[in-house]
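Following: one structure in structure tokens, then a few remarks.
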Amino acid sequence: MALAFDEYGRPFIIIKEQEQKTRLRGIDAQKANISAGKAVAQILKTSLGPKGMDKMLQSPDGDVTISNDGATILEMMDVDNQIAKLMVELSRSQDYEIGDGTTGVVVLAGSLLEQAERLLERGIHPIRVAEGYEMASRIAVEHLERIATKYEFDASNIEPLVQTCMTTLSSKIVNRCKRALAEIAVKAVLAVADLERKDVNLELIKVEGKVGGKLEDTELIYGIILDKDMSHPQMPKQIEDAKIAILTCPFEPPKPKTKHKVDIDTVEKFQTLRGQEQKYFDDMVQQCKDVGATLVICQWGFDDEANHLLMHRNLPAVRWVGGVELELIAIATGGRIVPRFQELTPEKLGKAGIVREKAFGTTKDRMLYIEHCANSRAVTVFIRGGNKMMIEETKRSIHDALCVARNLIRNNSIVYGGGSAEISCSVAVEAAADKYPGVEQYAIRGFADALDAVPMALAENSGLQPIETLSAVKSQQIKENNPYCGIDCNDVGTNDMREQNVFETLIGKQQQILLATQVVKMILKIDDVISPNEF
């Protein structure tokens with residue numbers, strides 16, 4: 001793109017290869033952008049809430065994913081439009097920061113764009129709309145602070161955390177086991193949490209899945225699970241009070257860096273070479289035995305000679321263990337990763353109460369459990385399920401629950417769910433609109449209407465009459481001055497979300513409003529779109 005001037009000094013833009021480009025300007029560009037954003041929000045609208053529908057996505061190589069997690073759906077959709085990509089990134093940033101509320105944030109952004117379109121048609125300048133939205137988002141975030149409740153919990157009273165995780169899991173495919181899974185998620189987070197610093201390192205929680213069994217068989221293991229078995233079938237299957245040598249060096253003779261040829265012309269020479277190699281293996285195994293190791297975990301493989309020797313010397317071993325798993329084993333057992341045999345000392349051994357091999361079903365599948373570790377700050381959530389898709393979706397659901405528990409430990413304020421927080425914010429923003437004398441008050445009212453989209457979508461997905469239900473709940477909130485009335489999605493018979501125990505984290509809800517407003521402001525400020533032609 002270049003800027004030129006005609007003979008009267010008037011500027012005009014020359015676009016390179018302009019016959020291959022399309023250009024949208026002014027209100028047309030804004031409307032095209034808004035309709036792209038609305039289209040993405042429309043896809044996710046039906047997935048919101050406990051009665052939300054799932055989406056099935058097929059990747060180019062034939063893998064099928066079934067999910068109602070907003071971030072996963074948008075991540076797997078092949079989106080070309082740049083504005084639609086902004087919505088995908090919006091959902092991703094909510095997922096990275098909070099871990100939950102990825103569907104709601106996109107639905108809210110789509111609704112804000114819809115209201116903005118109406119305001120633009122009435123001739124209001126997009127910048128004034130964006131400023132009005134910014135003011136309204138500040139009002140809503142402050143109002144959330146006011147209606148939030150502090151939740152006190154400690155290691156002995158985890159019920160508040162479990163209830164909040166159950167709210168997250170109730171919208172997932174795993175909602176029939178939400179109580180058990182919520183308890184597993186909370187216990188896992190508390191096992192690795194530093195409550196004094198209010199910090200949780202989720203990398204210490206490993207989520208492992210195995211097809212087979214049923215969802216109810218999902219368990220929390222205070223230790224590490226490896227999808228491996230002992231390197232020799234005759235090695236012991238259970239080791240108590242294990243002292244573990246964690247090695248990243250291979251169990252084989254060193255290979256010279258330069259190429260050499262060995263001429264063996266007599267049987268004696270071959271016997272000598274073989275004896276030398278055997279002695280080398282013997283020394284390695286003896287070194288491990290001397291420091292007191294009762295189990296060897298190796299990142300690399302070892303040949304059959306070494307395997308045979310290890311079995312004969314009664315030293316169980318596991319081979320081909322990944323680097324990440326080695327690190328987790330080292331953290332859990334308090335051991336050190338040893339890169340060379342010469343550096344192996346008794347202090348570098350990890351300690352575990354029990355290491356056992358467990359077989360599953362009628363298949364030959366076996367896994368290794370390392371439990372009762374010296375430092376139990378690394379835990380594993382082991383998921384069972386009928387098929388691979390179920391396990392993948394359960395992993396995503398558990399991730400959301402872990403993130404919610406972590407957020408509550410960081411900031412123990414909660415707001416009530418079921419759309420009650422959005423309705424309450426909508427009422428507060430609507431009331432505050434009259435205090436602003438400028439055109440922005442129309443945008444602030446538009447923001448209040450947009451907030452109603454979330455409870456309306458909840459009602460619609462639950463098979464209720466959306467407008468009637470929303471009006472009834474809104475009037476009940478205003479009449480009783482009760483900001484905890486929401487949509488009764490599960491037909492419990494009460495609109496009070498305190499009785500239904502439906503909670504969401506305050507920081508998650510605030511983040512939703514702030515992120516959605518930021519993205520909508522960005523989209524409204526675009527008034528010129530130059531894009532390559534479709535061929």
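For segment 337-364, the set of residues classified as of a type outside the set (Val, Ile, Thr) and out of contact with any strand residue (DSSP E or B) (no Cβ under 7 Å at 6 or more places or on another chain) consists of 339, 340, 341, 342, 343, 346, 347, 364, listed by residue number. Selection within segment 425-435: residues that are part of a helix (DSSP H, G or I) and not hydrophobic (A, V, I, L, M, F, W, C). The member of this set that is most open to solvent (accessible area, probe 1.4 Å) is 430.
Restricting attention to segment 191-212 and to residues that are outside any strand (DSSP E or B), in contact (Cβ under 8 Å) with a residue 40 or more places away in the chain and more than 18 Å from the chain's Cα centre (by Cα), the residue that is nearest to residue 304 (Cα to Cα) turns out to be 191.
Here's the yes/no breakdown for (1) of a type outside the set (S, T, N, Q); (2) more than 23 Å from residue 349 (Cα to Cα); (3) outside the structural domain of residue 98 (by the TED database):
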position: 206; (1), (2), (3): yes, no, yes
position: 217; (1), (2), (3): yes, yes, yes
position: 228; (1), (2), (3): yes, no, yes
position: 231; (1), (2), (3): no, no, yes
position: 242; (1), (2), (3): yes, no, yes
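Might you check whether a residue that is basic (Lys, Arg), in the same structural domain as residue 454 (by the TED database) and over 20 Å from residue 449 (Cα atoms) occurs anywhere in segment 82-92? Yes, segment 82-92 contains a residue that is basic (Lys, Arg), in the same structural domain as residue 454 (by the TED database) and over 20 Å from residue 449 (Cα atoms). Which residue is modelled with the highest pLDDT, if the candidates are limited to segment 158-190 and must be among the polar types (S, T, N, Q) and in a loop (DSSP other than H, G, I, E, B)? Per the criteria, the residue is 170. For the residues 419, 386, the requirement of being on the phi > 0 side of the Ramachandran plot and of a type outside the set (A, V, I, L, M) singles out 419. Applying the condition of being among the acidic types (Asp, Glu) and in contact (Cβ under 8 Å) with a residue 24 or more places away in the chain to segment 112-153 and asking which residue is least open to solvent (accessible area, probe 1.4 Å) yields 117.
What helices (runs of 4 or more DSSP H) completely inside segment 436-535 contain at least 1 residues that are among the aliphatic types (A, V, I, L, M) and open to solvent by 10 Å² or more (accessible area, probe 1.4 Å)?
Result: 453-461, 466-480, 506-524.
Annotation: residue 518 fulfils all but one of (1) over 22 Å from residue 99 (Cα atoms); (2) without any contact (Cβ under 8 Å) to a residue 40 or more places away in the chain; the unmet one is (1).
The lone criterion from (1) open to solvent by 30 Å² or more (accessible area, probe 1.4 Å); (2) in contact (Cβ under 8 Å) with a residue 12 or more places away in the chain; (3) closer than 27 Å to residue 458 by Cα left unmet by residue 158 is number (3). All conditions in (1) touching a Phe, Trp or Tyr at 6+ places or on another chain (Cβ under 6 Å); (2) under 28 Å from residue 104 (Cβ atoms); (3) open to solvent by less than 10 Å² (accessible area, probe 1.4 Å) hold for residue 393, with the sole exception of (1). Scanning segment 407-422 for residues that are assigned to a helix (DSSP H, G or I) and surrounded by fewer than 23 Cβ atoms within 10 Å (Cβ to Cβ) yields a count of 2. Scoring residue 388 on the criteria (1) surrounded by fewer than 19 Cβ atoms within 10 Å (Cβ to Cβ); (2) assigned by the TED database to the domain that holds residue 228; (3) in contact (Cβ under 8 Å) with a residue 12 or more places away in the chain leaves a single failure, condition (2). Please verify whether segment 355-369 includes one or more residues that are polar (S, T, N, Q) and open to solvent by less than 20 Å² (accessible area, probe 1.4 Å). The answer is no; no qualifying residue exists. Within segment 396-406, the set of residues being touching a Ser or Thr at 6+ places or on another chain (Cβ under 8 Å) and either within 15 Å of residue 147 (Cα to Cα) or open to solvent by 10 Å² or more (accessible area, probe 1.4 Å) (or both) comprises just one member, 396. Taking each residue of segment 314-338 that is closer than 23 Å to residue 238 by Cβ and looking for partners that are charged (D, E, K, R) and open to solvent by 40 Å² or more (accessible area, probe 1.4 Å) with beta-carbon atoms closer than 6 Å, six or more apart or interchain, yields 318/228; 333/351.
The values are calculated or read from the model by the stated rules, or taken from the named source; none is laboratory data. Given the structure is predicted, the values throughout are model-derived calculations rather than measurements. Quick reminder, even Gly has a Cβ in these numbers, built from the backbone with ideal geometry, and neighbours come from all protein chains shown. Surface accessibility is based on the protein's heavy atoms, side chains included, excluding ligands, DNA and RNA. Shrake-Rupley method; radii C 1.70, N 1.55, O 1.52, S 1.80 Å.
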